[in-house]
Amino acid sequence: MPDLTASAVVPADADTVWRVVRDFDGLPTWHPAIAASELEGDGRSDQVGAVRRLTLGDGGVVRESLVALDDRERRLTYAILESPFPVRDYRSTIRVHPVTKTGESFVAWSVLFDCDLDDAERLSALFAGDVFGSGLDGLVSHLSPSA
């Protein structure tokens, strides 16, 4: 089972970063690969069990469920329900930590998933770089003072 983490320092305080990250329906505002997000049913973006339907830039669709949301720990966990990626038991967590010396934030985005052995290396590179890496770059850009 691949288990990987990507991280970045974001030039904003932890509470500000957390307000952006905790919005389960807000990914299109800061992630460049997400064209649209829509909550299904009567779910709220801060409600465990909410399901979002993400439309990717290439037109692909990913459905994800909010598994956990912890404001005290600044941690959000979600699971993929359906996607174009050949994964099973995909569970990802984004966590925001304060960098007390500078007033910035350290954001770690991790995932643990299962897949066929032949797909593991390709999917690990895809999630670490194209999903998490570009997402963290987008978060930095979104929250940069010059943005």
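Readers should treat all values here as calculations from the given coordinates under stated rules, not as data from a laboratory. No experiment lies behind these values; they were computed from the predicted model shown. Glycine also receives a Cβ, built like all others from the backbone with ideal geometry; neighbour counts cover every protein chain displayed.
Numbers below:
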{"read-out": "Expected 222 nm ellipticity per residue - DSSP helices of 4 or more, -39500 (n - 2.57), all of the chain, to 500", "value": "-5000 deg cm²/dmol"}
{"read-out": "Relative contact order of the chain, defined on C-alpha pairs under 8 angstrom at six or more residues apart (%)", "value": "31 percent"}
{"read-out": "Charge dipole (the range 3-143, unit charges on Cβ, about Cα centre) - positive-most of A79, G57, W30", "value": "W30"}
{"read-out": "Surrounding net charge for L27, when Lys and Arg each add one and Asp and Glu each subtract one, Cβ distance under 15 Å", "value": "-3"}
{"read-out": "Magnitude of the charge dipole, the range 3-143, Cβ model with Lys/Arg +1 and Asp/Glu -1, debye to 20", "value": "420 debye"}
